[in-house]
Amino acid sequence: MGIEILGLPMMYYIAMVAKVLVAFLFVLLTVAYATYAERKIIGHMQVRLGPMRTGWHGLLQPIADGLKLFFKEEIIPSQASTFAFLIAPVIALVPAFMTFAVIPFGGVIEVAGYKIPLQVASYIDVASGKVYDVNVGVLYILAMSSLGVYGIVLAGWASNSKYSLMGGLRASAQLISYELSAGLAIVSVFMLSQTLSLNEIVNQQSSFNGLGWYIFKQPLAAFLFFICSIAEINRTPFDLPEAETELVSGFCTEYSSMKYAMFFMAEYANMITVCALTTTLFLGGWNGPFATVFPLLGLVYFVAKVYFLIFFCMWIRATLPRYRYDQLMHLGWKVLLPISLVNIVVTGIIGYFIK
Amino acid sequence: MEQIIFYILAAVAVIGTVLAISEKHPVHAILYLVTSLFAVAVVFYLLMAPLVAVFEVILYAGAIMVLFLFVIMMLDLGHPEKGFSPHWREWLPALLLSLVSIASLVMVIVSRHSQLAVPAAQSIPIREVSRRLFQGHGVAVELISLQLLFALVGALYLGKQQASSPGLPPSSAPERVSGSEEKSP
Amino acid sequence: MDMITIPAVNMTPIMPEIFLSVLAMALLLINVFVPSGQKSYIGYISFIGVIAAAVLVGTGWGMHVESFNGAVVQDNFASFFKMIFLLAAGLAILISDQYMVREECNHGELYPLILFTVVGMMLMAAGTDLMTIFLGLEVMSVSLYVLAGFNRENRKSNEAGLKYFLLGAFSTGFLLYGMALTYGATGSTRIADIATFAAQQSLPSSNVMLLAGMLLMITGFAFKVAAAPFHMWTPDVYEGAPTPMTAFMSAGPKAAGFAAALRILLVSFSTMQADWSQLFWVLAVLTMTVGNITALRQDNIKRMLAYSSIAHAGYCLVGFTAGNPTGTAGIMFYMLSYTFMNIGAFAIIVLVGKKGEPNGNVMDFAGFGFKHPALAVAMSIFLFSLAGMPPTAGFIGKFYLFSGAIQKGYIWLAVIGVLNSAASVYYYLRVMVYMYMKEPTEEFDWLQVSAPIALSLLISVTGTLVLGVVPSIVLQYAQEAIKLI
């Protein structure tokens, strides 16, 4: 894959640029309006109205927020390690966007007689009609998410503030603890799919008219993976790295202006990635009734599923209180990890006998 | 095309490693090392070994280095004192070994590579990798797991605090320690 | 989806290893339930386990079984070395008990770690794949690092553990780099395949990659067996580590390093013998001379024995230089006798040491001969053997090593070896002078000989003398073993 770059037609490059733009804009817009949606949804859940002033029902709020952050004064603490302080938000943001390269967000569509698979890092072999993508897609996402933590850790360290340092330490400890269980939860999906290519995994869930989702075969794994993912992206109830009641704002205490905005965006972009990955692995990706007949319907299904999961995240945030630190570690190492291991064993045994 | 990318990445990896060694600040050094590891990972990808590439990032850049960073932050090693330069006799072993290493490297680079016996690169599916690993090198896999087990035993033994030992605080479960951390700031 | 078939494996070659690993893990679990005062029982169980493993190894003598796609082999060469490792481990377990109780660090983890070290060493001797050898070495080293730092309350022991770990990891890097280059040059990690590749070359030493790989591997092994100029870690580690562990480290892992190096060099690089012989000539001379000359200046007896162990590695390297059956069988014989005499000497040091200051000086032996004549005689036998005097095992071992060199025409090497041997007599005899010719400066009334140590002394003395008087009973096995590889 990707090796015969110069041997491909022009259309390939145009389609590629278009796909990158679409995915990028999708994430960017969703990030912007997820902040709005979060405030609105939590507001209504807590019987408040949320933002109402900017535009109709506060619809322009994200834009106003963005402008505000953009024009704020940039402060670099005098005791901070400048290099690391400046690079940390970038490190946090870039992997969050990079993960979207391997997530298939639709089937194969045909534009001007040229077939385009709706997944950024993929190409279609015209002769056989087969779609080739990164054959270690899931691992690629895990790799990217593990790189993202550097941004948080560095931010915490470079700020030279004890709240930030605490936040950074907590983030790294949390990530290491929960990445294990998340990885093991995915393993049980691999055992069913026997491939690591996300495109293949989605295709295998297309049975029963697009409803052969892995969540029905692996409910426990789906549950585990989603919990661990929420922990990995530091959202409530696992938002200890930025617990405002104890650590002011955790690792981003000392950040201001655009750099703060970048952390903010990274957090929401990570949330979208995680929801997209959960959709791909467990909710059948873009599969759904009639998605194979009308390729664009697949796109709609995909976005709908992702948005539902994002809503679910917000719902959790409005409902659950934050964990205490030792409870968090206890949950990760003594509850989720054993369960995911047992799940693998059970999957193995059942898989052996059923086959 | 791949050649250009390869050379860029190779340069990044080498420069990153050199900087990681020469940098006095441990956190910066780790950052350079991560950069270098990442570049190496992409080189692996170019060499048709996506699995190795991803594992390089997940394990080395993603897990081990984060742990290093974690430890350095915990121990607060971020403020390097002005390093005293060791006596030449203490340099001697390092010098000797680097000479051996550089000499062999130069030998390899200078020599003609007509007799390379490594099979030509082709992307190997994960199924094939695991089959080779667990069938061809089963004993090695088992050995590694045994080794990790006993490294764990050793680390636990050396790290375990003894209640009876003088001068040390009474042993406490790590959870409680991290729990009390919350209140300290 | 096609099912993955599980290949049929023959477990016989690694039966002793499996047995010891399972035993070690079981002991780890049992350890939890044993109250802290009675950890010695774990030691007794592991000693019995070592004997059982020795029986397992013994029953496999004479068979040649390959397994795991040629990653592990059972042959006489491996079996002979496995016996050495088991002997070293058994003796170390016997002398550990009293020492650890005295130092108040008689923790149950000690014995499983020793057993596990033995597993690693066995796989180094039995491995016919560079990967197996490397992993065996790692298994051995990781446990040894912990064993060197086993006395957690003692700063010197901590230092020893850390130093060993850092330098050990460093040397492992060299070894691995060499293996990687060799793989790059030949396309295989199987020792036999490398040999086939090298045999097809008209002039294998002109394949620079292969040569560099071999060079780096030799460097790595030189580190592990503490050959000069890669010996810097040895004195500090040997001095700081708990005495029984020093005894174990100086015998077992060294033999394992020699075993792996012998197999790799004699099988894979047999066509390049002219190249590595030259290298070993230099290494041997350096190692012998550096070890002996620095040992002359030591007052601390553990440090002195550390340097002397460097010198002994140098004698074995003479056998490498020769590379003929006499020399290589000489290495095997010498490692066996070295295990007896060195661990025996360390057993005496364990006895003479006191809590907190176990690193006795040579002066502390003043008058030892009058107070404890039996122990002093045993110590004298070990020291005579280390110095290479007849009729002890040390003499016969050196005789074979040097005659191997002479057969190959390395007359000068043998001469240097003999001269070194003569120099070493000075510092060994110095201990005996203190034992028999100086007035005691303090009483030795704290000294108690526990049953396990008595047993270990008995075994060591018997071994040293029997190998010295009738060497043929072991030497024929060594020669038989070396023929097969």
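Working only within the stretch A:90-115, note down all residues that are buried (at least 16 other Cβ atoms within 10 Å of the Cβ) and among the aromatic types (Phe, Trp, Tyr).
Correct list: A:Phe97, A:Phe100, A:Phe105.
Tell me which residues, restricted to the stretch C:205-220, are surrounded by fewer than 23 Cβ atoms within 10 Å (Cβ to Cβ) and more than 9 Å from chain B (Cβ to nearest Cβ).
C:Ser205
Just to be sure, is C:Ala195 more than 10 Å from every other protein chain (Cβ to nearest Cβ) and at negative phi?
yes
State the number of residues belonging to the stretch B:147-162 that are in contact with a helix residue (DSSP H, G or I) (Cβ under 6 Å, 6 or more places away or on another chain) and either closer than 22 Å to C:Gly127 by Cα or more than 8 Å from chain C (Cβ to nearest Cβ) (or both).
So the answer is 3.
Given C:Phe370, C:Phe395, which one is surrounded by fewer than 23 Cβ atoms within 10 Å (Cβ to Cβ), of a type in the set (Phe, Trp, Tyr) and more than 27 Å from C:Ile482 (Cα to Cα)?
Testing whether each residue is surrounded by fewer than 23 Cβ atoms within 10 Å (Cβ to Cβ), of a type in the set (Phe, Trp, Tyr) and more than 27 Å from C:Ile482 (Cα to Cα) leaves just C:Phe370.
For the stretch C:411-439, how many residues meet the condition of being touching a Phe, Trp or Tyr at 6+ places or on another chain (Cβ under 7 Å) and in contact (Cβ under 8 Å) with a residue 24 or more places away in the chain?
6
So C:Arg155 fits all but one of (1) without any contact (Cβ under 8 Å) to a residue 40 or more places away in the chain; (2) within 15 Å of B:Leu146 (Cα to Cα); (3) not acidic (Asp, Glu); what number is the exception?
Going through (1) without any contact (Cβ under 8 Å) to a residue 40 or more places away in the chain; (2) within 15 Å of B:Leu146 (Cα to Cα); (3) not acidic (Asp, Glu) one by one, C:Arg155 breaks only (2).
Condition test on C:Phe221, is it assigned to a helix (DSSP H, G or I), of a type outside the set (Val, Ile, Thr) and out of contact with any Gly (no Cβ under 7 Å at 6 or more places or on another chain)?
When the stated conditions are applied, C:Phe221 does not pass them.
Please work out if C:Val22 is within 14 Å of chain B (Cβ to nearest Cβ) and crowded, with 24+ Cβ neighbours inside 10 Å.
no
What helices (runs of 4 or more DSSP H) lie completely within the stretch B:2-63 and have 2 or more residues being facing chain A (nearest Cβ under 10 Å) and crowded, with 16+ Cβ neighbours inside 10 Å?
In the stretch B:2-63, B:26-46, B:50-55 are the helices (runs of 4 or more DSSP H) which contain 2 or more residues that are facing chain A (nearest Cβ under 10 Å) and crowded, with 16+ Cβ neighbours inside 10 Å.
If you check C:Ser403, C:Ser380, which single one turns out to be hydroxyl-bearing (Ser, Thr, Tyr) and under 26 Å from C:Thr321 (Cα atoms)?
Result: C:Ser403 is the single residue among C:Ser403, C:Ser380 that is hydroxyl-bearing (Ser, Thr, Tyr) and under 26 Å from C:Thr321 (Cα atoms).
Just the residues that are part of a loop (DSSP other than H, G, I, E, B) and touching a residue at least 60 places away in the same chain (Cβ under 8 Å), please, taken from the stretch C:8-54.
Those that are part of a loop (DSSP other than H, G, I, E, B) and touching a residue at least 60 places away in the same chain (Cβ under 8 Å): C:Val34, C:Lys39.
For the stretch B:123-146, enumerate the residues that are facing another protein chain (nearest Cβ under 8 Å) and in a loop (DSSP other than H, G, I, E, B).
Once the filter is applied, which keeps residues that are facing another protein chain (nearest Cβ under 8 Å) and in a loop (DSSP other than H, G, I, E, B), the stretch B:123-146 yields B:Ser123, B:Pro125, B:His137.
Can A:Ser177 be described as surrounded by fewer than 24 Cβ atoms within 10 Å (Cβ to Cβ), of a type outside the set (A, V, I, L, M), within 20 Å of the chain's Cα centre (by Cα) and in a helix (DSSP H, G or I)?
The answer is yes for A:Ser177.
Could you name every one of the helices (runs of 4 or more DSSP H) located completely within the stretch A:285-355 that has at least 2 residues being touching a residue at least 24 places away in the same chain (Cβ under 8 Å) and under 21 Å from A:Ala37 (Cβ atoms)?
A:295-319
Conditions tested, residue by residue: (1) assigned to a helix (DSSP H, G or I); (2) closer than 15 Å to C:Ile301 by Cβ; (3) at pLDDT 85 or above; (4) not aliphatic (A, V, I, L, M).
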residue: C:Ala405; (1), (2), (3), (4): yes, no, yes, no
residue: C:Trp412; (1), (2), (3), (4): yes, no, yes, yes
residue: C:Gly417; (1), (2), (3), (4): yes, no, yes, yes
residue: C:Ala423; (1), (2), (3), (4): yes, no, yes, no
residue: C:Tyr428; (1), (2), (3), (4): yes, yes, yes, yes
residue: C:Tyr436; (1), (2), (3), (4): yes, no, yes, yes
residue: C:Glu442; (1), (2), (3), (4): no, no, no, yes
residue: C:Leu447; (1), (2), (3), (4): no, no, no, no
residue: C:Ser456; (1), (2), (3), (4): yes, no, yes, yes
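What is the residue count in the stretch A:318-341 for residues that are away from chain B (no Cβ under 14 Å), surrounded by 13 or more Cβ atoms within 10 Å (Cβ to Cβ) and at pLDDT 85 or above?
So the answer is 5.
Mind checking which residues of the stretch C:55-79 are of a type in the set (Ser, Thr, Tyr) and in contact (Cβ under 8 Å) with a residue 12 or more places away in the chain?
Scanning the stretch C:55-79 gives C:Ser67, C:Ser79.
C:Val225 versus (1) within 23 Å of C:Phe320 (Cβ to Cβ); (2) facing chain B (nearest Cβ under 8 Å); (3) in contact with a helix residue (DSSP H, G or I) (Cβ under 7 Å, 6 or more places away or on another chain): which is the lone unmet condition?
All conditions pass for C:Val225, except number (2).
Would you tally the residues in the stretch A:149-169 being more than 9 Å from every other protein chain (Cβ to nearest Cβ) and crowded, with 24+ Cβ neighbours inside 10 Å?
Residues in the stretch A:149-169 being more than 9 Å from every other protein chain (Cβ to nearest Cβ) and crowded, with 24+ Cβ neighbours inside 10 Å: 6 in total.
How many residues does the stretch C:178-198 hold that are assigned to a helix (DSSP H, G or I), farther than 15 Å from C:Ala212 by Cα and touching a residue at least 24 places away in the same chain (Cβ under 8 Å)?
Selection size over the stretch C:178-198: 3.
Conditions tested, residue by residue: (1) of a type in the set (A, V, I, L, M); (2) within 20 Å of the chain's Cα centre (by Cα); (3) in a helix (DSSP H, G or I); (4) at pLDDT 75 or above.
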{"residue": "A:Arg53", "(1), (2), (3), (4)": "no, no, no, yes"}
{"residue": "A:Leu67", "(1), (2), (3), (4)": "yes, no, yes, yes"}
{"residue": "A:Ile91", "(1), (2), (3), (4)": "yes, yes, yes, yes"}
{"residue": "A:Val94", "(1), (2), (3), (4)": "yes, yes, yes, yes"}
{"residue": "A:Gly106", "(1), (2), (3), (4)": "no, yes, no, yes"}
{"residue": "A:Glu110", "(1), (2), (3), (4)": "no, no, no, no"}
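Take the residues in the stretch A:69-89 that are among the aliphatic types (A, V, I, L, M) and part of a loop (DSSP other than H, G, I, E, B), then tell me which one is surrounded by the fewest Cβ atoms within 10 Å (Cβ to Cβ).
So, considering only residues that are among the aliphatic types (A, V, I, L, M) and part of a loop (DSSP other than H, G, I, E, B), the one surrounded by the fewest Cβ atoms within 10 Å (Cβ to Cβ) is A:Ile75.
Given the conditions (1) touching a residue at least 60 places away in the same chain (Cβ under 8 Å); (2) part of a helix (DSSP H, G or I), and given that C:Val142 satisfies all but one, which numbered condition is not satisfied?
All conditions pass for C:Val142, except number (1).
Just the residues that are within 10 Å of chain B (Cβ to nearest Cβ) and surrounded by 24 or more Cβ atoms within 10 Å (Cβ to Cβ), please, taken from the stretch C:146-156.
C:Val146, C:Leu147, C:Gly149, C:Phe150
The values are calculated or read from the model by the stated rules, or taken from the named source; none is laboratory data. What you see is a predicted model, and the numbers here were worked out from it, not measured in a lab. Cβ sites come from the backbone with ideal geometry, for glycine too, and all protein chains shown count toward neighbours.
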